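Below you'll find the structure, written out as C-alpha cells, and then a few comments.
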Amino acid sequence: MSGAFCLSQLLQIPSTKILLKTSKFSKGLYVKAGPTKYPNLCFYRNVQTVTYAIVDGSYVPTTTQTHQPDKTKENESTKPESVGAFQKLPMVMPSVDILYSSLRKAKRVAPTKGIANIAKRERNRGAKQLDALMKELAVPLREYTENFPKKKYLHPYERSLIELTLGDGNYEEVLRKVDALRKKVVGVGKECASLCAKSLTKREAGERLNEGLEKLEEVFKCEGKVVDDLLNIAKTLRAMPVVDLETPTLCLVGAPNVGKSSLVRVLSTGKPEVCNYPFTTRGILMGHIALNFQHFQVTDTPGLLKRCDEDRNNLEKLTLAVLSHLPTAILYVHDLTGECGTSPSDQFVIYKEIKQRFSNHLWLDVVSKCDILQEAPVIFIMEDSDTDNLELERYRKKGPEGAILVSVKDGKGLDELKVKVHEMLVTQMDRIRSSKIDEDNPELVT
C-alpha cells in the first residue's frame, strides 16, 4: 500500500500495547492500543522525501531539483520554416475599413446597467466606448505583428525574395511601424478613457468622449498608411510562386532574351510572357511537367548580364538566389544568332562563371533559335575577333560541347530536349530522396 500513515498518534502509545488490525481497504486501516480505536488514519498520495549527504562526518540535507526543460534553448533552436510561409500570411484589412468598423462597434457600446446617476452613467458610457475603440483598433495591429513571420526564421530562398522584391530592410521597417502605431493607439486610448472617467458632469463626459473619439481617429488616419503598406506587402508575397522542395525543379538560366520563356512554354504548363526585348521576365515564374505519372517543376528566371555581383540588379540577384537556395537542375540556354542583344563572347563569360559557381547542380546546355543560326560565327563590332581562344571560337559556332540545338519555331531538337530533361529530372529526384534519407538518418552518413 503506497503512502505513510501519521505516526504522531502512535508516539504516545507503548509499543507493547500496539495491535495492528487490517480490514478491507474500503474500511481503512485500524490501529488498536488497548481499548482505544483510531479509525481513518491519514494516507498521503505524494510523499516528500529528503536525501542526506555525509559532509565532515555529519548528515546534511540535499535538495532534489526536478529537471525542467529550458524554454530559452528551445526557442533558440527553432528551425527555419520550410518554403510556403507566404501562403500563410494573415489577411490584412485596409486602414479605412479597420477605422470605420471600429468606430461603428465602439459607438454601440452601452453603459453598465444599474447606474442611476446621470453623470456617472454618461462618463461610464464614454470610458467604455473609448476603451472599446482602442481595442478594436489595436487588436488587428497586434495580430499582424505577431502572425507575420520573422525574417530570420524564413527559408533562405524566401528571405532572398523579401530582400530583392521589397528592398533590404523594408519588410521589418513596416512591421515596426505597425507595432509603433498599435502602441500609440493604446496610449492615447487609455489616456482619453481615463479623462472621461473623471468627468464630473454629463456635459463634460460627452465632450471628453467626442474629443477622445476624434483624437483616436486622427491618430489612425495620420499613421494608418503603414497598414496599407503592409497590405501591399502581403499581396506581393502571397503572389510569389510556391516551390516544393521535394519535387525536382528545372531552372532555365541564360542571358536576357535568349528564348528561355519560349522553352518554358514548350516544356511545361507555364505561360510566361514572350517579347523581343531584354528582361521580359520580371520575376520567378513557375510551370509544371507531368511525364509518366511523375510531376516536376520548371522555373523561368530573369536573364544574367556580364558584370560582377555588386553591379547586378535585383532581377539578376533573384536568379542567383534560386540557384543558391533551391535544389534545381539547370537548363542553360544560349543564343548565338546575335538577336538577343548579348554577344556570344559575353554569353561565354557568363556561362563559364555560372557553371563554375554552381558546378554541383545537374546541367544541360541548349542552343536556341538554331533555325536562323548561320554557318559563320556572329561577331559583334565591339568584340575582339582574335581566334587564339579555341574554346571561345568553338562556342561561337556551336555552343558548349554536348549542347542540344533546338528551334521552337520549327520544332527541331525539341523531342530530344524533352527526353534529356526528363532523364535529368529523374536523376534530380534520386538526389533529393537520398539527401532526405541522409537528413533523417545522420548516423548512416560516414
- line: For VAL408, the accessible surface traced by a 1.4 Å probe with all protein chains present amounts, in square angstrom to the nearest 10, to 70 Å²
query: MET91: accessible area at probe 1.4 Å, nearest 10 Å²?
result: 140 Å²
message: Taking loop as defined by DSSP and a crowding limit of 13 other beta carbons within 10 Å, which trypsin sites (Lys or Arg not before Pro) in the range 81-126 fit?
response: ARG108, LYS113
task: Could you calculate the FRET efficiency of ASP415 with ALA239 from 1/(1 + (r/R0)^6), where r is the beta carbon distance between them and R0 is 25 Å, rounded to 0.05?
output: 0.15
Which listed pairs, of LYS107/LYS235; LYS225/LYS317; LYS221/LYS317; LYS105/LYS190; LYS152/LYS221, have C-alpha distances above 28 Å, in listed order: LYS107/LYS235; LYS225/LYS317; LYS221/LYS317; LYS152/LYS221
- line: With ASN117 itself left out, Lys, Arg at +1 and Asp, Glu at -1 over residues whose Cβ is under 10 Å from its Cβ give +3
task: Quick one: which residues, 5+ away or cross-chain, put their amide H under 5 Å from the amide H of ILE330? H built at 1.01 Å from N.
output: CYS251, LEU362, TRP363, LEU364
field: Amide H contacts under 5 Å for VAL367, placed H, 5+ residues apart
entry: HIS334, ILE404, LEU405, VAL406
message: Quick check: residue separation of ASN170 and GLU401 times 0.36 nm, minus the Cα distance between them. What number comes out in nm?
response: 78.7 nm
task: List the relative contact order of the range 134-226 as a percent without decimals, with contacts defined as Cα pairs under 8 Å and 6+ residues apart.
output: 33 percent
- line: Quick calc, the range 276-358, dipole around Cα centre from Cβ unit charges on Lys, Arg (+) and Asp, Glu (-), nearest 20 debye, gives 160 debye
message: Loop-only trypsin sites (Lys or Arg not before Pro) in the range 143-219, please: DSSP not H, G, I, E or B, and at most 16 other Cβ atoms within 10 Å.
response: LYS150, LYS198
field: Surface accessible to a 1.4 Å probe, LEU130 within the full protein complex, Å²
entry: 0 Å²
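The values are calculated or read from the model by the stated rules, or taken from the named source; none is laboratory data. On a predicted model such as this, the values are computed, not experimentally measured, just so you know. We place every Cβ from the backbone using ideal geometry, glycine too, and count neighbours over all the protein chains shown. These accessible areas exclude ligands, DNA and RNA; they are computed on the full protein's heavy atoms, side chains included. Shrake-Rupley method; radii C 1.70, N 1.55, O 1.52, S 1.80 Å.
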